[in-house]
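The values are calculated or read from the model by the stated rules, or taken from the named source; none is laboratory data. Predicted model only: the values in this text are computed from it and were never measured. Glycine also receives a Cβ, built like all others from the backbone with ideal geometry; neighbour counts cover every protein chain displayed. SASA here: full protein model, heavy atoms, side chains in, ligands and nucleic acids out. Shrake-Rupley method; radii C 1.70, N 1.55, O 1.52, S 1.80 Å.
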Amino acid sequence: MTSQLVRKAETFRVREHKLKPTLRLKNEDEIVEFIHKQGLVSALGGNELPSFISAILGKPWKPSRKGFSGWMDWWSIKISKQPVAHISREIEGRKDILATRIFRGTKTLVSNTLWPILDPIVKHHRDLAGRHQILSDMEIRILETIETEDSIRTDHLRKKLKLGERKNNSRFHRSLHNLESYALIVGVEDPHPEKHLHANIWQTWDKRTRQQQHRSSLSYNEAQERLLVKTVDACVLVLENQIPSWFKWSSDIQEAKQQSLKDGTILKSGRYLVSCKTETVSN
């Protein structure tokens, strides 16, 4: 049986994630406010986080096997007189929001309110990479090359690494994806590309966040706990057995989960973990 807490969380999630037409986001200011309120927002959808696209449509949406026809659900919609894709690129390029792949390896918009929590986690994994305890040789080469630049576009990065041949495509893009999943690098689409060229401009975490970030005194373990609580708050309701699939550092998040349950910063109901925010709102 579904507990009263879970039912209440389901209702609360509809409101928080803007999953009704009457709640949908109607302009860019509302979208920015939504991302800052939630902290973590899935760029598309199909996972536990609030979804950028769903909040614009006012109904649940996720990528499907329908291919481009599925994207037509939102592709033609305009926000503030601009196509959604254009608004999305603008938001990713803002100084107070960045795009990573830390959650389930999918593009995730992160408010600067969470950067002090992520900072010790990113630095921990950069230290591990420096000791060759994580990342492949190619990933380390890419990371170290980006570190030597203030920013660098994908095609220039490949040229500098001498990885321009087609046979390197898969390994190169897989390496970028993995580095994004640790938030070690952050990319944004080049707003002024040459004709027919779509490429990201890459920076390291430190360089991307240096102007906005308030340096954190949190330990790695403390940061893990804070990130878990913030993520559950954003999701509102999650199946506990899915948490190991959330982050690259899944083995470390389990201890954070137990401590958060002990502290009461997240709640448990049967198979579910629930945000404490659920208990502070009326039905």
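State the extension gain, in nm to one decimal, for the chain segment bounded by ARG89 and ASP155, taking 0.36 nm per residue of separation less the distance between their alpha-carbons.
21.9 nm
For GLU279 and ARG131, what does the FRET efficiency come to when R0 = 51 Å and r is the distance between their Cβ atoms, rounded to the nearest 0.05?
0.75
Using the structure shown, list the pairs from LYS62/LYS162; LYS62/LYS160; LYS123/LYS230; LYS107/LYS257 with a Cα-Cα distance above 27 Å, or answer none.
The answer is LYS62/LYS162; LYS62/LYS160.
With a 10 Å cut-off between alpha carbons and a GNM built on the chain, which of GLY105, GLY270, GLY39 moves the most?
In this elastic network of the chain, the residue with the biggest mean-square fluctuation among GLY105, GLY270, GLY39 is GLY270.
Accessible area per residue, 1.4 Å probe, Å², for the stretch 1-140: what's the number?
49
If each residue of separation counts as 0.36 nm, what is the full-extension length gain between ASP96 and SER80 once their alpha-carbon separation is subtracted?
So the extension gain works out to 3.8 nm.
Please state, as a whole number in µm²/s, the translational diffusion coefficient that the Stokes-Einstein equation yields for the stretch 214-269 at 4 °C and 1.567 mPa s, with Rh defined as the Kirkwood radius across alpha carbon pairs.
Rounded to a whole number, D works out at 111 µm²/s.
Rounded to the nearest percent, how much of the accessible area of the chain (1.4 Å probe, protein heavy atoms only) is carbon and sulfur?
48
Residues in the stretch 115-157, backbone N under 15 Å from the label point at SER219 (7 Å along the Cα-to-beta-carbon vector): list them, ranges by number please.
From the stretch 115-157, the list is 120-121, 124.
Summing -39500 (n - 2.57) over the DSSP H runs of n ≥ 4 in the chain and dividing by its residue number, what mean residue ellipticity at 222 nm do you reach, to the nearest 500 deg cm²/dmol?
Taken over the chain, the calculation gives -14000 deg cm²/dmol.
Among DSSP beta bridges whose residues both lie in the chain, state the antiparallel percentage, nearest 5.
Antiparallel bridges: around 95 percent, rounded to the nearest 5.
Hey, got the dipole for the chain? About the Cα centre, +1 on K and R Cβ, -1 on D and E Cβ, debye to the nearest 20?
That gives a dipole near 820 debye.
Among SER251, HIS198, LEU227, pick out the residue whose Cα is farthest towards the positive end of the charge dipole of the stretch 191-266, where Lys and Arg carry +1 and Asp and Glu carry -1 on C-beta, about the Cα centre.
In the stretch 191-266, that residue is HIS198.
Give, to the nearest whole percent, the P(r) tail of the chain beyond 32 angstrom, counting all Cα pairs.
27
Could you work out which residue, out of LEU109, LEU179, LEU218, moves most in a Gaussian network model of the chain, that is, has the largest mean-square fluctuation with Cα springs under 10 Å?
The residue with the greatest mean-square fluctuation here is LEU218.
Choose one of HIS86, LEU109, VAL32: the residue whose Cα lies farthest towards the positive end of the charge dipole of the stretch 14-171 (beta-carbon charges +1 Lys, Arg; -1 Asp, Glu; about the Cα centre).
HIS86
In square nanometres, what is the average projected area of the Cα convex hull of the stretch 135-273?
11.0
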